[in-house]
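The values are calculated or read from the model by the stated rules, or taken from the named source; none is laboratory data. Remember, it's a predicted structure, so these values are computed and weren't measured experimentally. Using ideal geometry, Cβ is built from the backbone for each residue, glycine included, and neighbour counts are taken over all protein chains shown.
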Amino acid sequence: MTYTARCHDPCVLSGETNLLPSTRSPDSQTENLDETYRHTITVHGREYQQYSIDNEISFQPVDRDEANRLKLQNKVFNKIFDNRLIFPRNCEPQRVLDCGHGAGSWAIQVAEEFPECEVIGVDISPHMIPDGDDDDFDVGENLEFQVDDLNRPFTFPPRYFDLVNSRMMATGIDGSRWSSYIQDIKRVLKPGGWVQLVEIYFNVQSDNGSLTEKHALRQWSTKLMSSVEDVKDLRVGTRLRDLLLAAGLKEVESTMIPVPLCEWSSEPRMRDIGKASRKITRHLLTAVALYPLTQRLHMSHDEFQQLIDQAQKEAENPSLKTYFPLYVAIGRKPS
Ligand SMILES: C[S@@+](CC[C@H](N)C(=O)[O-])C[C@H]1O[C@@H](n2cnc3c(N)ncnc32)[C@H](O)[C@@H]1O
C-alpha cells in the first residue's frame, strides 16, 4: 500500500476557503511520505512512533499488538452500535473522512458497505494499517489512507465531505485544540453534512457504590488523567455535545452508553458486550497507560505491571459492576 502525507504548504492553507480551485482533487494536496513518520522507538517492549512522542501528539503504541487491540475494540463497537457505522439516519454519503483511522477497521467497513462512496482515512501513524499480505484485507478503490497531524489546521477543501467520523481521539487531539478541531470538521463538511464523535471517558465507574479511590482501576484512571493533563483532555467525551453546539452545528444529539468491563449485567445484550470487552480490557489498560505512566509519571515498570494485574482482577469481578462511560454525539452543518 502506498501512503501519502498531506501538504501543509502556505498557499494550500491560505486557500482554505476561496483561493483553492474547487476542482482540485485531494490527491494534488499530498506528497510522498517522509521517512520521519516511519521511525519508531521501543519502550518496555512496545513500539511507538518517534514523531508522535517527540511532538507530544500521541503516547499510544503503533505495533501489531495495538493494531490487533483496535480491531478487537472495533468488534466491541460493532456490538454496541448493532453494526451501524453511520449514526445519522438520513445520511447517504458520497465522501467520508475518518479522523485517526488507527487499524482502519471503521474506514474499511464503510468503504465496503458504501462502494460508491469515497472514504479517506487520516492518521499521524502509517504503521497499523494492514498490508497487502493480510488475507482479510483488500483495499477497495474507494478507500485511501493519508498521513497528517489533525492538531494542525485541516488542508481539505471546504464543503468537501458528507460525513466526518472521529472516534477515540481524546488521547491524540490536544486539549486546547478541540474547539478549532470541531470548527475544522465543520468547515470541510458540505452544508447538510454530518459529524459523528465517539469517545470513551477513561474514568472507570460503578453505580453500586462498591468502587472506591483505593481500587486499582480508580488509581489507573486518576494517574492516566494526570499524566497527560498538560497536553490532552481525556474528559472531552463529557463535553462533545457542548462543543458541537458551540461550533454552530444543528440537530445535535448525544448519549452516554455504559460499556461494562465484564459480563456482570443480567441483561443479555449488555452481558454479551461485557463478555467481549473483558477480552480486551487488559490490552486497553496497558496500551493506553504504559507510556504515560512509566515515561511521564516515572512509575517503574514493575509497579505498572502490578497496577495492571490488580486493575484487571477488579475489571473481571462481576460484583464491582464496573463500566467505562462511552459518549456519542452527532451534529449537522446548517444548509
Ligand atoms: C485510539 S486510536 C483510534 C483508532 C480508530 N479511530 C478506532 O476507533 O479504532 C487513535 C488513533 O488516532 C491517531 N492519532 C492520534 N492523534 C492524532 C493526531 N493528532 N493526528 C492524526 N492522528 C492521530 C493514532 O495514531 C491512532 O491511530
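A few notes on this one:
- Only one entry of Asp184, Asp207, Asp148, Asp123 meets the criterion of being within 20 Å of the chain's Cα centre (by Cα) and touching a residue at least 60 places away in the same chain (Cβ under 8 Å), and that entry is Asp148.
- Candidates Glu66, Glu118 - the one that is in contact with a strand residue (DSSP E or B) (Cβ under 7 Å, 6 or more places away or on another chain), in contact (Cβ under 8 Å) with a residue 24 or more places away in the chain and of a type in the set (D, E, K, R): Glu118
- Number of positions in region 50-72 that are assigned to a helix (DSSP H, G or I) and touching a helix residue (DSSP H, G or I) at 6+ places or on another chain (Cβ under 6 Å): 5
- Looking only at residues of region 128-143 that are buried (at least 20 other Cβ atoms within 10 Å of the Cβ) and modelled with pLDDT under 95, we find that the one that is nearest to the ligand (Cβ to nearest atom) is Met128.
- Any hit, region 166-178, residues being away from the ligand (no atom under 12 Å from the Cβ), within 27 Å of Arg89 (Cβ to Cβ), modelled with pLDDT of 95 or more and crowded, with 17+ Cβ neighbours inside 10 Å: no
- In region 45-81, residue farthest from Ile330 (Cα to Cα) [restricted to those that are within 12 Å of the ligand (Cβ to nearest atom) and of a type in the set (Gly, Ala, Ser)]: Ser52
- Every residue from region 82-105 that is within 11 Å of the ligand (Cβ to nearest atom) and touching a Phe, Trp or Tyr at 6+ places or on another chain (Cβ under 8 Å): Asp98, His101, Gly104
- Residue match in region 256-270 (condition: assigned to a helix (DSSP H, G or I) and touching a Ser or Thr at 6+ places or on another chain (Cβ under 9 Å)): no
- Looking only at residues of region 179-209 that are polar (S, T, N, Q) and more than 12 Å from the ligand (Cβ to nearest atom), we find that the one that is farthest from Lys313 (Cα to Cα) is Gln183.
- Among the residues of region 210-225, those that are of a type outside the set (A, V, I, L, M, F, W, C) and over 20 Å from the mean Cα position of the chain (by Cα) comprise Ser210, Thr212, Glu213, Lys214, His215, Arg218, Gln219, Thr222, Lys223.
- Pairs linking a residue in region 278-293 that is within 13 Å of the ligand (Cβ to nearest atom) to a residue that is assigned to a helix (DSSP H, G or I) and among the aromatic types (Phe, Trp, Tyr), with Cβ atoms under 7 Å and 6 or more positions apart or on different chains, are Ala289/Trp220.
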